[in-house]
Amino acid sequence: MIDLHDGHGDLSPDELRTRVAGADAVMALLTNRFDASVFDAGAPTLKIVANVAVGYDNIDIAAAHARGIIVTNTPDVLTDATADLTLGLILDIMRRLTEGDRLIRRDGWRGWAFDFMLGRDLRGKQLGIIGAGRIGRAVAARARAFGMSIAYAARDGHRTADEPDARWMSFDELLVSSDVVSLHVPLTPATRHLITQKDLVRMKRSAVLVNTTRGPVVDEAALAWALREHRIAGAALDVFEREPVVHPDLIPLENVLLVPHLGSATVETRTAMADLAARNILAVLAGQPPLTPIVPAAPRD
């Protein structure tokens, strides 16, 4: 048996355990949280959990593997869609497009003026990317077309990309020198609140922060403070700490763009994600290796 959930509304832990019981395979969404108790409810039949996402912070990978359960994700197929959205957010917040839309809708526009709603050019600005994986590199490729220079940093200093026209910097150097800081790291204990108040005050007052990865990577309360006090110029968020709840201090601010987790939300991409998850399930149930397995991370030296 394969268990499918329509994606409208989160399943409670009890509901998830009930749905998993007796299943051979489960196609999971990022809102489904799989811990040891869920895997135990699926024993002994459950063979695979196919996560329809590239991130898998919703799944206890070690607990799954301890029970012989395969976990897969959907890398690559959502790279372009998420990178497109990231570039769109950068353009929007730098040129104040949604802010202008809101102004018109509340009948606040009084006509063209020479110094009205001035934004900032992308050309000549430094895009600092924290996390140089598939999506981070795809964002960099798009940003180059707009004349931006590229800097990469990893919190642990581990280099994952080698591009002749990009600079590798320390985390602190990237924060203090970049005009746009874009986050592309997985959510792990080490990256939870990767961006805190002390990090935000290191950034340029003219800089913007963009987050299209996972909400808890940013301390939202600290971000709201930094935006309200104009310690940074703006932020664009596609993800939030407690989705679908948004920190109330962010809501009234004009210098933040709030988007309801649309990173991979195109017809083509979501179809490809579901198709890859299904192909992982079919492979495992046929006794073949999964296409995109997740294995517990090995510690680095």
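Bear in mind these aren't lab numbers, they're just calculated from the coordinates by the rules spelled out. It should be emphasised that the depicted structure is a prediction, and the values quoted were computed from it without experimental measurement. All Cβ positions, even for glycine, are placed from backbone atoms using ideal geometry, and neighbour counts span all protein chains on display.
Before moving on, here are some points about what is shown:
- In the calculated pair-distance distribution of segment 151-301, the portion above 22 angstrom amounts to 51 percent of the Cα-Cα pairs.
- Checking every one of the trypsin sites (Lys or Arg not before Pro) in segment 86-167 against DSSP loop status and a limit of 11 other Cβ atoms within 10 Å picks out 106, 110, 123, 159.
- Along the chain, counting only chymotrypsin sites (Phe, Trp or Tyr not before Pro) with a DSSP assignment other than H, G, I, E or B and at most 11 other Cβ atoms inside a 10 Å radius, the longest segment between sites is 117-301.
- Its residue count N sets the reference 2.2 N^0.38 Å, and the alpha-carbon radius of gyration of segment 79-258 equals 1.00 times that reference.
- The magnitude of the dipole of segment 79-258, with charges of +1 and -1 set on the Cβ of Lys/Arg and Asp/Glu and taken from the Cα centre, is near 220 debye.
- Reach of residue 125 by Cα under 21 Å, taken over lysines that are not fewer than 8 positions away in the same chain: 204
- Taking every DSSP bridge with both residues inside the chain, close to 5 percent are antiparallel.
- The residue among 91, 129, 119 whose Cα reaches farthest toward the positive pole of the charge dipole of the chain, with charges on the beta-carbon of Lys, Arg, Asp and Glu, is 119.
- Taking a ≥ b ≥ c as the square roots of the eigenvalues of the Cα gyration tensor, segment 128-210 is classed as oblate, since a/c reaches at least 1.5 and a/b does not exceed b/c.
- Segment 47-148 pair-distance distribution - Cα-Cα, 10 Å bins, rounded %: 13, 29, 23, 19, 11, 4, 1
- Translational diffusion of the chain was estimated from the Stokes-Einstein equation, with Rh taken as the Kirkwood radius over Cα pairs; at 20 °C and 1.002 mPa s the coefficient is 104 µm²/s.
- The charge dipole of the chain, taken about its Cα centre with unit charges on the Cβ of Lys, Arg, Asp and Glu (plus for the first two, minus for the last two), comes to roughly 700 debye.
- Of all complete DSSP H helices in the chain, those with a Cα span along the helix axis of 15 Å or greater and a mean Kyte-Doolittle hydropathy of 0.5 or more are 79-95, 267-285.
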